[in-house]
């Protein structure tokens, strides 16, 4: 009788163990689904991404690059937050990410300043912060792990070196230029504005006015309309992104003026989106200096290094091109380095990923 009871007890125990094992496996799969849809929750990397907003074609491409890279199929759980161009929304988002105990925080900051407190909170929570696109100006660089983006001042220098060479090639007697700036305090605005201001002093250009177009088409058009009413001698517009350029072109044409190499006003831009290069091909935009938005793979490379226990570069600048209408200027030299200028063709546009 004892042997029978013992045998029965062992069978029950073994069955329970097997059931527990099966139950444990199912719970792990469920946990994986909760954390990102992949089996094995511990393998899923959770990322909180605070994006500036959706103010431009460039920003849309940047968001899509992040979403496609940090997908569930690739082993990530991406928590995406659109800040609608408000820093306070980004600060709230970062604090929410900290509460959710994400593995990494990725921040595309609205402006450079005002981040010390919340990034200190992330550091205290031992969550690495990766900055993309625009830079942050903090009291301690250890508040973020790495940054990847563009050298915005260099972009401005390239554009202005091209304009100087173009003006000489075309025999322009004077450059009366206005600057439709980006969001004030953003790294792109700071760098591109500085590039223009320094060039205006160096080359003797007349920098008539500077005003923020907030990187949007609507605001760019509004600012251009105002500038056209104030100044009747504008012959160059320096727009700090493509969407502002689209708005500026609309305003110029609505005022009865023409754009392009044979027109009244030359429109310069930054970003080199597909739509921007299309306008460059037609001559509506005379020069479009590239700002590459495809940062998803670059951020993933940083994360993979951190996961492997390696130390990524603190700052990683993206190599970028210069695109022009026509072949009047083949290359420019900035700070002793030569940069080729690409003439926009249909083939160039067809090869663009954004």
Among beta bridges that DSSP assigns inside the chain, antiparallel share in %, nearest 5: 15 percent
Rounded if a/c is under 1.5, else prolate if a/b is larger than b/c, else oblate: which is segment 208-247, with a ≥ b ≥ c the root eigenvalues of its Cα gyration tensor? prolate
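Could you list 192, 134, 352 in order of exposure, starting from the residue whose Cβ has the fewest other Cβ atoms within 10 Å?
Final ranking by Cβ density, sparse to dense: 352, 134, 192.
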Simple SL model, points at 7 angstrom along Cα→Cβ for residue 330 and residue 137; separation in nm is 4.1 nm
Can you give the extra length, in nm with one decimal, that the chain gains between residue 305 and residue 317 once fully stretched, where that is 0.36 nm per residue apart less the Cα-Cα distance? 2.6 nm
Along the Cα-to-C-beta direction of residue 68, a point sits 7 Å from the Cα; which residues of segment 297-316 have their amide N less than 18 Å from that point? 297-301
Angle between the chain longest axis and helix 187-203 axis [Cα atoms, degrees, rounded to 10]: 20 degrees
Nearest 10 degrees, 0 to 90: helix 2-35 Cα axis against the chain principal axis: 10 degrees
Rank these for me by crowding, 242, 313, going from fewest to most other beta carbons within 10 Å. 313, 242
What angle, in degrees between 0 and 90 and rounded to the nearest 10, separates the Cα long axis of helix 296-307 from the longest principal axis of the Cα atoms of the chain? 40 degrees
Largest-first semi-axes in Å of the equivalent ellipsoid built from the Cα gyration tensor of segment 187-301 are 24, 17, 13
Sum -39500 (n - 2.57) across every DSSP H segment of at least 4 residues in the chain, then divide by the residue count to get the 222 nm mean residue ellipticity, nearest 500. -14500 deg cm²/dmol
Mind sorting 272, 212, 226 by how few other Cβ atoms lie within 10 Å of their own Cβ, fewest first? 226, 212, 272
Please report how far the C-alpha centroid of segment 53-110 lies from that of segment 170-221, rounded to the nearest whole angstrom. 29 Å
Label-point separation in nm, residue 209 to residue 100, each point 7 Å along Cα→Cβ: 4.3 nm
Name the most mobile residue of 132, 259, 110, meaning the one with the largest mean-square fluctuation, in a Gaussian network model of the chain with Cα contacts below 10 Å. 259
Looks like segment 47-158, by Cα gyration tensor root eigenvalues a ≥ b ≥ c and the a/c under 1.5 rounded cutoff (else prolate when a/b is bigger than b/c, oblate otherwise), is oblate
Reviewing (1) 20.5, 62; (2) 19.5, 63; (3) 26.2, 113, the figure for Rg and Dmax of the Cα atoms in Å actually calculated from this model sits under (3)
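Laboratory data are not the source of any read-out in this text; all were calculated from the coordinates shown. Keep in mind that this is a model prediction, so the values were computed, not measured. Neighbour counts are summed over all protein chains in view; Cβ atoms, including those assigned to glycine, are modelled from backbone coordinates with ideal geometry.
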